[in-house]
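As structure tokens, the structure follows; a few thoughts come after it.
Laboratory data are not the source of any read-out in this text; all were calculated from the coordinates shown. Computed from a predicted structure; not experimentally measured. Please note: Cβ atoms are built from the backbone with ideal geometry, for glycine as well, and neighbour counts cover all protein chains shown.
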Amino acid sequence: MPLHIDTDETDVFSLDDLIEWLKVNQIDTSSTDAMVKAAPALKKLANNREFLASLAVSELKDAYSYDRHIYHYSAQVMLLHLPEKQQDNFYLRANFWPSVKDQPVIAAGPGPFFYNRPHDHNFNFLTVGYFGPGYWSNYYEYDHDRITGYPGETVDDLVFTEKRALTEGHVMLYRASRDVHEQLPADSMSISLNILENSPRVRLTDQYSFDLERKAIKQIINISLAPAVFNIALHLGDRNGEDVLSEIIRLSPDPFIRFNAYKALASRQSGPQAYCEGLSAALSDPSNMVNRWASRHIADVERAMTQSVSV
């Protein structure tokens with residue numbers, strides 16, 4: 001389960017104070033110990049009961065300004081700080097957690113808020129309850145080193161640890177590729193504040209959703225533009241696109257990237273049978289993860305072919 005961090009910090013930080021503190025202290029957000037040490041600083045920001053409302057009002061006032069600073073990037077999230085340089089290793093954000101009685105959930109359902117979708121994170125993040133009773137979570141944990149990472153894989157050591165709400169002022173650390181939570185709606189509108197890791201691990205490690213009943217990986221939920229970019233390069237470009245993807249397969253350390261390169265190359269073939277034959281090249285990839293993905297994907301395509309013939 002996430003680490004619960006007790007801090008009785010009463011001082012107050014502005015948003016700029018927290019950003020400066022993280023930079024001056026060179027907090028390594030990929031380190032669990034370093035993130036624990038940042039808990040009092042995040043609590044100081046949570047003690048500032050005015051900064052978030054001021055940012056929101058400023059956004060509304062500047063809604064039609066060409067030089068406004070845009071903080072929002074989804075209906076649930078207000079992004080408070082983006083890395084300014086390549087070496088900056090953190091993001092800051094505020095998350096909004098409506099109840100089932102609030103209009104966002106009534107209008108869009110629970111999906112956009114990740115409610116009832118058990119998942120882990122491929123990054124560390126420190127969080128504190130800022131407003132309201134907080135979202136609930138059923139917490140689990142597992143050993144990432146014991147899995148390959150393909151959809152359908154059994155996760156024998158996925159164990160339940162507790163159920164808890166993120167109440168105002170409480171600080172928790174979600175550990176990358178270890179803590180799993182099934183988020184449940186807050187009892188009333190709530191807000192949390194986060195410090196998130198920004199490191200190479202985020203781009204090289206997969207994030208999963210889980211089937212709790214089967215104790216298995218349900219799907220990979222990485223946000224990646226690779227599949228779309230690969231297909232555009234192949235289908236709208238020239239022969240050079242194939243050469244580039246072949247080099248990506250040869251050189252990329254990321255199994256997810258390589259698998260999508262294999263899929264894109266196979267998609268150049270005409271018809272599902274030829275597609276499966278093209279994708280079979282992935283069965284020889286040095287990564288067991290890529291082998292399993294390819295085998296499962298080929299089986300799904302062949303099953304669909306059989307069903308269409310029988311109909």
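Some points to look at:
- Radius of gyration (Cα atoms) of region 3-220, expressed as a multiple of 2.2 N^0.38 Å: 1.03.
- Share of Cα-Cα pairs in region 235-287 lying beyond 12 Å, as whole percent: 62 percent
- Neighbourhood net charge (12 Å Cβ-Cβ; Lys/Arg +1, Asp/Glu -1) for Met189: -1
- Antiparallel bridges, percent of DSSP beta bridges restricted to the chain (to nearest 5): 95 percent
- Sorted on the mean count of surrounding Cβ atoms within 10 Å across their residues, most packed first, peptides 264-274, 115-125 read 115-125, 264-274.
- Loop sites here are GluC sites (Glu not before Pro) outside DSSP states H, G, I, E and B with no more than 11 other Cβ atoms within 10 Å. The longest part of the chain free of them is 85-212.
- Within region 177-210, backbone nitrogen closer than 12 Å to the virtual label 7 Å beyond the Cα of Val100 toward Cβ: 184-187
- Over the chain, relative contact order from alpha-carbon pairs under 8 Å, at least 6 apart, %: 18 percent
- Charge tally in the Cβ shell below 15 Å around Thr10, where Lys, Arg are +1 and Asp, Glu are -1, Thr10 excluded: -3
- Cβ-to-Cβ counts within 10 Å put Arg203, Arg93, Arg178 in ascending order as Arg203, Arg178, Arg93, the fewest first.
- Karplus 3J(HN,Hα) series, Hz, for region 133-148 with 6.51 cos²θ - 1.76 cosθ + 1.60 (x for Gly, Pro): x, x, 6, 8, 8, 8, 9, 9, 8, 8, 9, 4, 5, 9, 10, 8
- Cross-linked pairs Lys101/Lys215; Lys37/Lys215; Lys218/Lys263; Lys163/Lys218; Lys44/Lys101; Lys101/Lys163: Cα-Cα separations exceed 24 Å for Lys101/Lys215; Lys37/Lys215; Lys44/Lys101.
- Using the rule -39500 (n - 2.57) for each DSSP H run of four or more residues, divided by the residues of the chain, the 222 nm mean residue ellipticity is -10500 deg cm²/dmol.
- Charged side chains reduced to their Cβ positions (Lys and Arg at +1, Asp and Glu at -1) give region 226-310 a dipole of some 180 debye around its Cα centre.
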